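Report on the structure given below.
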Amino acid sequence: MTDNTEELKAKIRALKEKLSVTVVAHFYQRDEVFDMGDITGDSLELAKKTMADDSEFVVFCGVGFMGQSVKVLSPEKRVVMPKIACCAMARMIDSLYFDESVKKMEEAGIAETNILPITYINSNADVKAKVGKMGGMVCTSSNAKTIIETALEEGKKILFVPDRCLGQNIANMMGLKSAVIGIDDNLSDADIICYDGFCSVHQLFSVDDIRFYRKKYPGILIAVHPECDPAIVAEADFTGSTSQLIKYIAELPEDQKVAVGTEFNLVNRLRPKNTYVLSSTKPECPTMNETTLEDLYNTLKSIDEGEPINEIHVDEETRKWAKVALDRMMAL
Ligand code: 13P
Ligand code: SF4
């Protein structure tokens, strides 16, 4: 920790004392930024805890869709982001690509009235709004299985956007059939029809990495996030969202080795011994890493000076329908 870091942290603490602000930080943030969080967690926890918070300003250290979701759920809050960094997966779909996906399903013989869309929370508000309008809802990696189970009760085909892997993994877990738009021909045979988006960070883990660790440390456990490819999930001992991974690893005996397939900053913070990153590369999320301590300080300073920077705004029509999709998830 450099003097400069400690100095900045002290200034940030002083501004937090002075202002009506809550600093929110996702688990994937840099350590020094994460340390400054009043509310920390995975995407579902952050959405819930921030809704219950009553500060005037939410300073969200994460990626764009997360700050946007807070604004959609609590429009009375002023949401600012030290960096409006956009999750690479969320950028893979917009409302036009969403409409195109519905069209492709119709061309495959599935009537629009027979489609129930579900969007992973890693999507922008315009996509969530489309989903809300069509009667669908949002899910996160923690609750995707419950949300899909509930959705299937309507007897419709699920259009799952934007993460192909999460959709396929949940389908495999539930013994259902999945297909990917633009890749598979048999869309109408599938229960869950996935958009072909993915997380570039979670694509870094390979079956070879798993084999390497199993050979090097016999008895090691492999724990991965469901954004990993289904081939990785098939060979893992445990698959779970960020918070589920944290809980699983915390409950392991101290001498149990585990290799973890998810973002580097989180894995690095998990436990000091017997924990390995399931990759020969450093799987950092570039957009999560964009936010620095200096950005956080500058944002707080801008609030103090009465000219907040990077404030999140969502137009009312988009907000209304995106909220419908988020509220349906919250209700479950
Ligand atoms: P969580 O829902 O587990 O926080 O995941 C968010 C994310 O972006 C994972 O890559
Ligand atoms: Fe998006 Fe992947 Fe980064 Fe998560 S790890 S924020 S899904 S790019």
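Could you list, in sequence order, the residues of the range 195-208 that are hydroxyl-bearing (Ser, Thr, Tyr) and surrounded by fewer than 17 Cβ atoms within 10 Å (Cβ to Cβ)? Lay out the reasoning, then the answer.
In the first step, residues of the range 195-208 are kept if they are hydroxyl-bearing (Ser, Thr, Tyr); the result is 195, 200, 206.
Result: Ser200, single match.
Quick check on the range 280-322: of everything there that is among the acidic types (Asp, Glu), closer than 22 Å to Arg91 by Cα and in a helix (DSSP H, G or I), which residue is nearest to ligand 1 (Cβ to nearest atom)?
Going residue by residue through the range 280-322, those that are among the acidic types (Asp, Glu) are 284, 290, 294-295, 304-305, 307, 311, 315-317.
With closer than 22 Å to Arg91 by Cα added as a condition, the list becomes 284, 290, 311, 315-317.
Imposing the further condition that a residue be in a helix (DSSP H, G or I) reduces the set to 290, 316-317.
Working: Glu290: 14, Glu316: 27, Glu317: 26 Å.
Per the criteria, the residue is Glu290.
Residue pairs, Cβ under 7 Å, 6 or more apart or interchain, first in the range 94-120 and without any contact (Cβ under 8 Å) to a residue 24 or more places away in the chain, second among the β-branched types (Val, Ile, Thr) and surrounded by 14 or more Cβ atoms within 10 Å (Cβ to Cβ). List them.
Matching pairs, first to second residue: Glu112/Val102.
When the range 277-303 is examined, which residues are found to be of a type in the set (Asp, Glu) and away from ligand 2 (no atom under 13 Å from the Cβ)?
Kept after step one, since they are of a type in the set (Asp, Glu), are these residues of the range 277-303: 284, 290, 294-295.
Glu294, Asp295 - these are the residues of the range 277-303 that are of a type in the set (Asp, Glu) and away from ligand 2 (no atom under 13 Å from the Cβ).
Only one of these conditions is not met by Gly306: (1) under 25 Å from Lys11 (Cα atoms); (2) surrounded by 13 or more Cβ atoms within 10 Å (Cβ to Cβ). Which number is it?
The one condition Gly306 does not meet is (2).
Looking at the structure I just gave you, is Ile192 away from ligand 2 (no atom under 16 Å from the Cβ), surrounded by 22 or more Cβ atoms within 10 Å (Cβ to Cβ) and free of Cβ contacts under 8 Å to residues at least 60 places away in the same chain?
On the way: away from ligand 2 (no atom under 16 Å from the Cβ): yes; surrounded by 22 or more Cβ atoms within 10 Å (Cβ to Cβ): yes; free of Cβ contacts under 8 Å to residues at least 60 places away in the same chain: yes.
Judged against the criteria, Ile192 is a match.
Just to be sure I understand, how many residues within the range 209-240 are within 16 Å of ligand 1 (Cβ to nearest atom), part of a strand (DSSP E or B) and among the aliphatic types (A, V, I, L, M)?
2
Take the residues in the range 138-159 that are more than 15 Å from ligand 1 (Cβ to nearest atom) and either hydroxyl-bearing (Ser, Thr, Tyr) or not in a helix (DSSP H, G or I) (or both); name whichever of them is surrounded by the most Cβ atoms within 10 Å (Cβ to Cβ).
Leu159
Looking only at the range 14-30, which residues are outside any loop (DSSP other than H, G, I, E, B) and surrounded by 12 or more Cβ atoms within 10 Å (Cβ to Cβ)?
As a first pass, look at the range 14-30 and keep what is outside any loop (DSSP other than H, G, I, E, B): 14-18, 21-26.
Passing the criteria: Ala14, Leu15, Lys16, Val21, Thr22, Val23, Val24, Ala25, His26.
May I ask you to say which residue of Thr291, Thr242 is in contact with a helix residue (DSSP H, G or I) (Cβ under 7 Å, 6 or more places away or on another chain), within 24 Å of Ser141 (Cα to Cα) and either modelled with pLDDT of 95 or more or of a type outside the set (Val, Ile, Thr) (or both)? Steps first, answer last, please.
On the way: Thr242 fails: either modelled with pLDDT of 95 or more or of a type outside the set (Val, Ile, Thr) (or both).
Criteria check complete, one pass: Thr291.
Being assigned to a helix (DSSP H, G or I), closer than 13 Å to Pro82 by Cβ and touching a helix residue (DSSP H, G or I) at 6+ places or on another chain (Cβ under 9 Å), is that true of even one residue in the range 35-53? Step through it out loud before you land on a result.
Taking the range 35-53 first, the residues assigned to a helix (DSSP H, G or I) are 43-51.
Now drop any that are not closer than 13 Å to Pro82 by Cβ, which leaves none.
Within the range 35-53, none of the residues are assigned to a helix (DSSP H, G or I), closer than 13 Å to Pro82 by Cβ and touching a helix residue (DSSP H, G or I) at 6+ places or on another chain (Cβ under 9 Å).
Out of curiosity, is Gly182 surrounded by fewer than 17 Cβ atoms within 10 Å (Cβ to Cβ), within 30 Å of Glu100 (Cα to Cα) and touching a residue at least 60 places away in the same chain (Cβ under 8 Å)? Outline the logic, then answer.
Values: surrounded by fewer than 17 Cβ atoms within 10 Å (Cβ to Cβ): yes; within 30 Å of Glu100 (Cα to Cα): yes; touching a residue at least 60 places away in the same chain (Cβ under 8 Å): yes.
Here the answer is yes, as Gly182 does meet what is asked.
Could you count how many residues in the range 78-112 are under 21 Å from Cys165 (Cα atoms), within 16 Å of ligand 1 (Cβ to nearest atom) and not aliphatic (A, V, I, L, M)? Let's see the steps before the verdict.
The first filter runs over the range 78-112 and keeps only residues under 21 Å from Cys165 (Cα atoms), leaving 86-95, 97-102, 104-105.
Right, trim to within 16 Å of ligand 1 (Cβ to nearest atom) and you get 86-93.
Adding the requirement that they be not aliphatic (A, V, I, L, M) leaves 86-87, 91.
Summing the residues that are under 21 Å from Cys165 (Cα atoms), within 16 Å of ligand 1 (Cβ to nearest atom) and not aliphatic (A, V, I, L, M) in the range 78-112 gives 3.
Examine the range 58-73 for a residue that is more than 21 Å from Pro283 (Cβ to Cβ), part of a loop (DSSP other than H, G, I, E, B) and in the same structural domain as Glu294 (by TED's automatic domain parsing), and state whether such a residue exists. Walk me through it before giving the result.
First, pick out the residues of the range 58-73 that are more than 21 Å from Pro283 (Cβ to Cβ): 58-60, 67-73.
Checking which are part of a loop (DSSP other than H, G, I, E, B) leaves us with none.
Looking through the range 58-73, none of the residues is more than 21 Å from Pro283 (Cβ to Cβ), part of a loop (DSSP other than H, G, I, E, B) and in the same structural domain as Glu294 (by TED's automatic domain parsing).
State whether the residues of the range 193-208 include one that is in a helix (DSSP H, G or I) and more than 16 Å from ligand 1 (Cβ to nearest atom). Break it down stepwise before answering.
Taking the range 193-208 first, the residues in a helix (DSSP H, G or I) are 202-204, 207-208.
Okay, now just the ones that are also more than 16 Å from ligand 1 (Cβ to nearest atom), so 207-208.
Within the range 193-208, one or more residues are in a helix (DSSP H, G or I) and more than 16 Å from ligand 1 (Cβ to nearest atom).
Take the residues of the range 241-263 that are closer than 18 Å to Cys199 by Cα and assigned to a loop (DSSP other than H, G, I, E, B): which is nearest to the chain's Cα centre (by Cα)?
Checking each candidate, the answer is Ser241.
If I go through the range 234-285 residue by residue, how many of them are more than 20 Å from Leu46 (Cα to Cα) and not charged (D, E, K, R)?
Number of matching residues: 24.
Report the residue count in the range 283-320 for those that are of a type in the set (D, E, K, R) and closer than 13 Å to Tyr28 by Cβ. Spell out how you get there, then give the answer.
If we filter the range 283-320 for residues that are of a type in the set (D, E, K, R), which is where we start, we get 284, 290, 294-295, 301, 304-305, 307, 311, 315-317, 319-320.
When the remaining residues are screened for being closer than 13 Å to Tyr28 by Cβ, the result is 284, 290.
Going through the range 283-320 one residue at a time, the tally reaches 2.
The values are calculated or read from the model by the stated rules, or taken from the named source; none is laboratory data. None of the values given here were measured: they were computed from a predicted structure. All Cβ positions, even for glycine, are placed from backbone atoms using ideal geometry, and neighbour counts span all protein chains on display.
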